[in-house]
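The values are calculated or read from the model by the stated rules, or taken from the named source; none is laboratory data. The model shown is predicted, which means the values in this text are computed figures rather than measured ones. Cβ atoms come from the backbone with ideal geometry, glycine included; neighbour counts cover every protein chain shown.
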Amino acid sequence: MKHYDVIFIGSGHANWHAAVTLKQAGKSVAIIEKDTIAGTCTNYGCDPKILLDGPFELLAQLKQYNGIGVHNGTKIDWAELMAYKHKIIDPLPLQMTALFQQIGIDLIMGAGRLVDDHTVAVADDQFTADNIIIGTGQRAAKLNIPGREYLHDSRDFLDLTNMPQRITFIGAGIISLEFATMAIELGSSVDVVEFADHALNAFDQRHVTKLVTKLQAAGVTFHFNEAVSQVTAEDDHYLVTTKAGLQLISDYVLDATGRVANIEGLGLEEVGIQTTRGGIVVDDHLRTAVSSIYASGDVIDKQIPRLTPTATFESNYIAQQILGNTAAIKYPAIPSVVFTLPRLAQIGVTTAEAADSAAYHTQVVPYGQQLMFQYKNEVDAELTLVLDQDNYLVGASLYGNDAPDLINLLTMIIDGHLSATALDQMIFAFPSASIGVISLISTVLHRD
């Protein structure tokens, strides 16, 4: 029975950052993986999605110049793009495997199951460790309805060789709207069925409404206040039926109604680790009820956004815990992005929270109109700032194609508690797009 200082169950971002840090610090480390090395984000999520999204973003930017010197004739070939995705993404697990092996991390392929506080079994083999970290992530949920065997998930969609002509998305969350943005551009007929009366509940609803309106203008049909009750296979298509009687003909049905933590088959109950429907319960040091076992990433039962950067942050934190840091975890402001076109982003105190509290006030900055040439004629792009009573930035929401980069800039301003005076002491590149937003923000920020 081989012993390690640390064993990780799962090889995604929730684990491998800590594994590398600990190995470089001199610890003996093993990673157990039953699926693909490097996890969901690298192979079936964020990375392939943003790769496939790239040409759509460029096309959207070109359209912003229609009638002012650009005649848009560019066409996206999905099959060629998918082939390119495989060329770039498929080697990543091998590259990560080579990295782990190069620095001396042992890879154990198979399903890990806890035997006791310090032992993990993989098939007929057992391994022991001083500490064990569970970072098994989440998987797509699937509606428990007749015809659920016909439902696809995001992993399936990101591997489509050809884009279906008629697509129905169940749920109006991030996955559905991001994929709908691409499908409608390729000429597919797109329906989005949502149980609630609006989309993207966690984001600024004024910006969400603008996005939904834009998608509707492009041809996406939204069906709010509808619950899918069954999917039936017809001769050459599927029939999606809701409880209210709505029927939609579709060639492809994607269930994007949520995700569930991968906690089954790990032996958690047998060793006394508490779980809920949301995942594994941890304390403020990310320890489970068994002090030698930590949990990291999306498998944790938590209220903060389940994002790759959050999982990475937790992984790095656990590494420092094992190396002797005893401080409780303290999350900084966490940015979230919806990679539709245009993008949505937000961080910190939300506009809805600000509206319910006298401690905050908001300021809308229509930077798309004020900085037309810097932001490529995206005239409807805008930023809503959330400021505290001293005019320090505590939150923001963005609508615009540059939202992912701008939200990172705002993250530094929020986490650094930067004032306009502090920004004045910095020199930024000009005439870059971001310096324009910095100048606009500085007019409302606190001055020392």
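Annotation: Leu387 fulfils all but one of (1) at pLDDT 95 or above; (2) over 25 Å from the mean Cα position of the chain (by Cα); (3) under 30 Å from Ala217 (Cα atoms); the unmet one is (3). Please enumerate the residues belonging to segment 137-168 that are touching a Gly at 6+ places or on another chain (Cβ under 6 Å) and aliphatic (A, V, I, L, M). Within segment 137-168, Ala141 is the sole residue that qualifies.
Pick from Ala199, Ala172, Ala183, Ala129: which is touching an Asp or Glu at 6+ places or on another chain (Cβ under 9 Å) and either among the polar types (S, T, N, Q) or closer than 24 Å to Ala60 by Cα (or both)?
On the way: Ala199 fails: touching an Asp or Glu at 6+ places or on another chain (Cβ under 9 Å); Ala183 fails: touching an Asp or Glu at 6+ places or on another chain (Cβ under 9 Å); Ala129 fails: either among the polar types (S, T, N, Q) or closer than 24 Å to Ala60 by Cα (or both).
Just a single option satisfies the conditions, and that option is Ala172.
The C-beta contact set for segment 419-432 (first residue within 22 Å of Tyr375 (Cα to Cα), second residue aliphatic (A, V, I, L, M) and surrounded by 10 or more Cβ atoms within 10 Å (Cβ to Cβ), distance under 7 angstrom, 6+ apart or interchain) comprises Leu423/Ile438; Phe428/Ile435; Phe428/Ile438; Ala429/Ile435.
Could you list, in sequence order, the residues of segment 279-298 that are under 13 Å from Gly137 (Cβ atoms) and in contact with a helix residue (DSSP H, G or I) (Cβ under 7 Å, 6 or more places away or on another chain)? Reasoning before the result, please.
Initially, segment 279-298 is screened for residues under 13 Å from Gly137 (Cβ atoms), giving 279-280, 295-298.
Those that are under 13 Å from Gly137 (Cβ atoms) and in contact with a helix residue (DSSP H, G or I) (Cβ under 7 Å, 6 or more places away or on another chain): Gly279, Ile280, Ser296, Gly297, Asp298.
Checking each residue in segment 128-142 for being over 21 Å from the mean Cα position of the chain (by Cα) and surrounded by 16 or more Cβ atoms within 10 Å (Cβ to Cβ) picks out Thr128, Ala129, Asn131, Ile132, Ile133. For segment 170-186, the set of residues classified as hydrophobic (A, V, I, L, M, F, W, C), closer than 17 Å to Asp156 by Cβ and out of contact with any helix residue (DSSP H, G or I) (no Cβ under 7 Å at 6 or more places or on another chain) consists of Ile170, Ile174, Ala183, listed by residue number. Criterion applied to Ala333, Ala319, Ala358, Ala345 was being hydrophobic (A, V, I, L, M, F, W, C), more than 30 Å from Pro48 (Cα to Cα) and modelled with pLDDT of 95 or more, and the one residue passing it is Ala358.
Given segment 75-124, what strands (runs of 3 or more DSSP E) lie entirely inside it while holding 3 or more residues that are loosely packed, with under 12 Cβ neighbours inside 10 Å and of a type in the set (Asp, Glu)? So that I can check it myself, show each step before the final result.
Numbers: elements: 106-109, 112-116, 119-122.
Fully inside segment 75-124 and qualifying: nothing.
Of the residues making up segment 310-324, none is under 30 Å from Glu185 (Cα atoms), part of a loop (DSSP other than H, G, I, E, B) and without any contact (Cβ under 8 Å) to a residue 40 or more places away in the chain. Filtered by the rule that a residue be within 15 Å of the chain's Cα centre (by Cα), among the hydrophobic types (A, V, I, L, M, F, W, C), at pLDDT 95 or above and assigned to a loop (DSSP other than H, G, I, E, B), segment 173-205 gives Leu200, Phe203. You will find that of Ile304, Ile293, Ile347, Ile280, the residue that is assigned by TED's automatic domain parsing to the domain that holds Val394 and either closer than 15 Å to Ala14 by Cβ or in contact with a Pro (Cβ under 6 Å, 6 or more places away or on another chain) (or both) is Ile347 and no other. I'd like the residue in segment 1-27 that is in contact (Cβ under 8 Å) with a residue 40 or more places away in the chain and assigned to a loop (DSSP other than H, G, I, E, B) and, out of all such residues, is surrounded by the fewest Cβ atoms within 10 Å (Cβ to Cβ). In this case the residue turns out to be Met1.
I need the full set of residues from segment 280-309 which are buried (at least 19 other Cβ atoms within 10 Å of the Cβ), closer than 17 Å to Ile132 by Cα and either in contact (Cβ under 8 Å) with a residue 40 or more places away in the chain or touching a Lys or Arg at 6+ places or on another chain (Cβ under 6 Å) (or both), in order please. Correct list: Ile280, Leu286, Thr288, Ile293, Tyr294, Ala295, Ser296, Gly297, Asp298, Val299. Name the residue that is nearest to Ser292 (Cα to Cα), counting only residues in segment 314-334 that are exposed (fewer than 15 other Cβ atoms within 10 Å of the Cβ) and within 18 Å of the chain's Cα centre (by Cα). Within segment 314-334, the match that is nearest to Ser292 (Cα to Cα) is Tyr331.
Within segment 407-419, is even one residue of a type in the set (Val, Ile, Thr) and either over 26 Å from Glu57 (Cβ atoms) or assigned to a loop (DSSP other than H, G, I, E, B) (or both)? No, segment 407-419 has no match at all.
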